[in-house]
Amino acid sequence: MARALLLSLLVRQHMALKEKFRAKYPHPWLVWEAGAWNVPETTEGSVGATRLPLTDLRDCLPAGDAMCFELVALAERGPMRLGRASHNALVVNDATVSREQLVLTPLPDARWQVGRVPDSRPVKLDGQELTEAPVELQPGAQLEVGDVRLTFHAADGFDERIARIAAQVLAQTAANR
């Protein structure tokens, strides 16, 4: 399984490490953006099922923390699957995501491509329907998997995003003093 870290934790690390942050995390990331979470219903091993009310709560739920998946292209790792099932390398446990949804494949020079798993739910890449044929991910690419939004970041773009958030946190802290 790929390592996943909360965005807030990475922001704190960036504030502590400063320029050493980029050296510690020199690889691309896939970010599960904060938003409403659709709890999967399951009867396997659960005492009681968690069910949300039938009304749409997206606008009244507080924004949560984003989950950041490290995309480390090790030769022995090869393609990585993303889906709701626990055997995937990238687990997105949301009811609107298929058990096996996407295949992410490393390419040379820290690039990645993505393809939809056959018979999985529809996926959009930057607003266009994604097919099973692999497509190279461009920095900042947005994947829509059910109600889940994923953003692909090259290492530089991710570092810039974290630095921007860290600067906002520091400015807000200074303003509150």
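Nothing in this text is a laboratory measurement; each read-out follows from the coordinates by a stated rule. The structure presented is a predicted model; accordingly, all values stated were derived computationally and were not measured. Don't worry about glycine lacking a Cβ; one is built from the backbone with ideal geometry, like all the others, and counts go over all protein chains shown.
Note on His87 and Lys124: the model spin-label points, each 7 Å out from Cα along the C-beta direction, lie 3.1 nm apart.
Spacing of the modelled spin labels on Arg12 and Ala171, each 7 Å from Cα toward Cβ, amounts to 2.3 nm.
Once both labels are positioned 7 Å from their Cα atoms along Cα-to-Cβ, the gap between Glu136 and Glu70 label points is 2.6 nm.
Just check region 109-150 against the gyration tensor rule for me: Cα atoms, a ≥ b ≥ c as the square roots of the eigenvalues, rounded for a/c under 1.5, and otherwise prolate or oblate depending on whether a/b exceeds b/c. Please report the intermediate quantities before stating the final value.
On the way: a/c = 2.15, a/b = 1.30, b/c = 1.65.
Because a/c hits 1.5 or more and a/b fails to exceed b/c, region 109-150 counts as oblate.
Going by the alpha-carbon gyration tensor, a ≥ b ≥ c the square roots of its eigenvalues, is region 97-177 rounded (a/c under 1.5) or, if a/c is not under 1.5, prolate (a/b greater than b/c) versus oblate? It is prolate, given that a/c is not under 1.5 and a/b is the larger ratio. Taking amide H as placed 1.01 Å from N in the peptide plane, Leu6 has its amide H under 5 Å from the amide H of Cys68, each at least 5 places away in sequence or on another chain. Amide hydrogen proximity for Gln101: with H placed 1.01 Å from N in the peptide plane, the residues at 5 or more positions away or on another chain lying under 5 Å are Leu82, Gly83, Arg84.
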